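Report on the structure given below.
The values are calculated or read from the model by the stated rules, or taken from the named source; none is laboratory data. Just so it is clear, the model here is predicted, and its values are computed rather than measured. With ideal geometry, Cβ positions are generated from the backbone for all residues, glycine too; neighbour counts draw on all protein chains shown.
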Amino acid sequence: MPGIVANFRELDRLVSAVRELQRQRLGDVTVYSPTVHHELEDVIGAPTSPVRRFTLVGGLLSASFGYWISIWTSDYWPLVTGGKAIASWIPYTIISFEMMVLVGALSTVFGMFINSRLPKLVLDVGFDPRFTNGDYGIYVQCPPEKERAAQELFGQHGASEVRHAR
Amino acid sequence: MATMAEPVGPMRPNIASADIQVPAIKDFEQVDREIGGTLSPTKAWFMGLGVAMTCLGIGIAAWTFQIYAGLGNAGYAPPVMWGVYIITFVFWVGIGHAGTLISAILYLFRAGFRTTIYRAAEAMTVFAVMTAGLFPIIHIGRPWKFFWLIPYPNWRLLWSNFKSPLVWDVFAISTYLTISTTFLYIGLIPDIAVIRDREKNPTRRFIYSILSLGWKNTDREWRHFTRAYLFLAAFSTPLVLSVHSVVSFDFAMALTPGWHATIFPPYFVAGAIFSGFAMVWTIIIPLRKWWRLEHYVTLNHLDATAKTVLFTSMVVGCAYLVEFWVAWYSGVKPEQEYFWNRVFGQWWWAAWIMLICNTILPLSLFSQKLRRNTAWLFILSIFINLGMWFERFVIVVPSLSHEFEPWQWTSYTPSWIDVSLLIGSFGWFFMWFLLFIKQLPIMAIIEVKEIIPPRRAAAPAHGGHH
């Protein structure tokens, strides 16, 4: 969807522009920032990332699998040693732990990719290479009748550059 | 035009920036320019790469000869069947530990001094574990059978013995390599996007585009990235402590004098962090000088790392003393004789290299003047690396050469193949490291940007940058 892109040089101008955009509800907003800023997180107010669920499920399943594979293989072909337990949970905790870390961490990465929609083969309409260097940016996807309002809003909030993106 | 920028409320400290000041870094463009500038190859870099590849060539030649002539040429004779290969394996695993400590544990503890050194330390971890992983393969003598190390059932569905420390080792090392590589790469993605957008060469730009996965710095990406990074750090923290504990089990589970001790896991972990920090100095001190990045890795940062080294040195020293005390207090004759033989007998020279390098020389770091003297830190790092290699020598060789039966007591001398493969391991490690630093940023661009105050139109509402 076409929209308006604005570049900002200053963080506080960006934050106030985002706040005003949310108040006026001109369209879907994407904010670009060269690094993480808590001020932006606060003003965007997005819910907590669901990546943690991927972590939890991956970690629990793989920890269980680690115990299961070591206990099952011990019972399947018992190596009987002097009255010791055939399946011993203490050493198998190491296997379970390593499996939990391995799969839990990879699930986290998978969850991040899914939720961030990565990898992307083409760059987005609103993207400007300056957003990875020093500039902040806002891309608002809005219908043509709201474009003028968006441009005025960005101008009032001190955008260094405002343009159409299609 | 009148603008409507409002003062933004007090800045909440970012994890990367909790206690760090880098006043000489002014803005984001300076960060991109100066860190991006490290990617241009120089004459010194080519020379360094040449030296590393020569060392690697020596190692490859020795290994080829060993495969042709047999493992018997490696200087092993019963009962000393572990020597330089296992010593070097433990040494390189240990080197890797500081990288994960700096990148993950200090991240969780909000230790800001890690920010400018963690990328180098993390890369060091990956390459050190890659180096360590070669040695069990070299040590099996028939490297084409390496896949026997991987737990899988044989044709009669007999699985590997999950109670064996060697199987734990395979799980621990392979998990560690996978997770530290993943952690390094995930942290690199936004930085690769920065390099991608600055790159003029179309081929390199295309490669960076692929590696950056189309990253664009959107709020959505940052939201999930920060959460994922936090969880990866949380996973890496117990992992780093467990890996060297598992490596120590290779020794502690055996009924051999000097090995069968419950102190081994914390003793190994402290030693690993100690040696890893020393290797970080060996790498980062020349780099900050060559690239004139002293305002990124400041003396305050090195001072903080020096305090960590001093602390871990004292932990290691305490572990040495506890080992002696346990041997004396146990009343077990072979254990007592072993420790006497280690320090005052056959292996006194190795033990004293270890003790002087690891416990006496680091005491100099009580002096703030020396903690902030980069030349001394570099020299000390070499001594610590030497001392920590000899620590593993002192653990492996004296135990095996002086077990329970006096008729078994023997000596051990590394062969030229052992020494060549040790040299080759340094060549392998530094080759990868040098290739890394010319393709990817050696400092985390996005985290350095986090620690400098962002541009503002109005003064902050409640005080400035922390």
* To do: Check the range B:93-109 and report whether any residue there is modelled with pLDDT of 90 or more and of a type in the set (S, T, N, Q).
  => no
* Asked: In the range A:16-70, which residues are under 30 Å from residue A:144 (Cβ atoms) and of a type in the set (Phe, Trp, Tyr)?
  -> A:32
* **Answer residue from the range B:231-257, given it is free of Cβ contacts under 8 Å to residues at least 24 places away in the same chain and facing chain A (nearest Cβ under 10 Å) and is surrounded by the most Cβ atoms within 10 Å (Cβ to Cβ) among those** => B:231
* Structure fact -> A careful count of residues in the range A:14-48 that are hydrophobic (A, V, I, L, M, F, W, C), more than 7 Å from every other protein chain (Cβ to nearest Cβ) and part of a loop (DSSP other than H, G, I, E, B) gives 1
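Can you name every residue in the range A:6-17 that is farther than 14 Å from residue B:458 by Cβ and crowded, with 24+ Cβ neighbours inside 10 Å? Show your work before the answer.
Quick first cut of the range A:6-17, residues farther than 14 Å from residue B:458 by Cβ only: A:6-7.
Within the range A:6-17, just A:6 meets the criteria.
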* Asked: Taking the range A:120-166 as the region of interest, how many residues are closer than 14 Å to residue A:8 by Cβ and in a loop (DSSP other than H, G, I, E, B)?
  -> 9
* Which numbered condition residue B:427 misses (of (1) part of a helix (DSSP H, G or I); (2) within 14 Å of chain A (Cβ to nearest Cβ)) -> (2)
* To do: Scan the range B:152-173 residue by residue and report those that are in contact (Cβ under 8 Å) with a residue 40 or more places away in the chain and surrounded by fewer than 18 Cβ atoms within 10 Å (Cβ to Cβ).
  => B:166
* Asked: Within the range B:391-424, how many residues turn out to be in contact (Cβ under 8 Å) with a residue 12 or more places away in the chain and in a helix (DSSP H, G or I)?
  -> 21
* Asked: If a residue has to be under 29 Å from residue B:100 (Cβ atoms) and more than 8 Å from chain A (Cβ to nearest Cβ) to count, how many in the range B:190-208 make the cut?
  -> 5
* From the set of residues in the range A:110-159 that are of a type in the set (Ser, Thr, Tyr) and either surrounded by fewer than 20 Cβ atoms within 10 Å (Cβ to Cβ) or at the interface with another protein chain (Cβ under 7 Å from one of its Cβ atoms) (or both), which is nearest to residue A:32 (Cα to Cα)? -> A:132
* Kindly indicate whether any position in the range A:66-84 is modelled with pLDDT of 95 or more and in contact with a Gly (Cβ under 7 Å, 6 or more places away or on another chain). => no
* To do: All but one of (1) of a type in the set (Val, Ile, Thr); (2) more than 21 Å from residue B:238 (Cα to Cα); (3) surrounded by fewer than 17 Cβ atoms within 10 Å (Cβ to Cβ) hold for residue A:90, so report the exception by its number.
  => (2)
* To do: Can you tell me which residue within the range B:220-230, out of those that are buried (at least 20 other Cβ atoms within 10 Å of the Cβ) and facing another protein chain (nearest Cβ under 7 Å), is nearest to residue A:34 (Cα to Cα)?
  => B:222
* List the number of the failed condition for residue A:72; all other conditions in (1) more than 7 Å from chain B (Cβ to nearest Cβ); (2) touching a strand residue (DSSP E or B) at 6+ places or on another chain (Cβ under 7 Å) hold. => (2)
* Of A:102, A:79, which residue is surrounded by fewer than 17 Cβ atoms within 10 Å (Cβ to Cβ), of a type in the set (A, V, I, L, M) and at the interface with chain B (Cβ under 7 Å from one of its Cβ atoms)? -> A:79
* Asked: Is the range A:46-60 home to any residue that is modelled with pLDDT of 95 or more, buried (at least 22 other Cβ atoms within 10 Å of the Cβ) and closer than 18 Å to residue B:169 by Cα?
  -> no
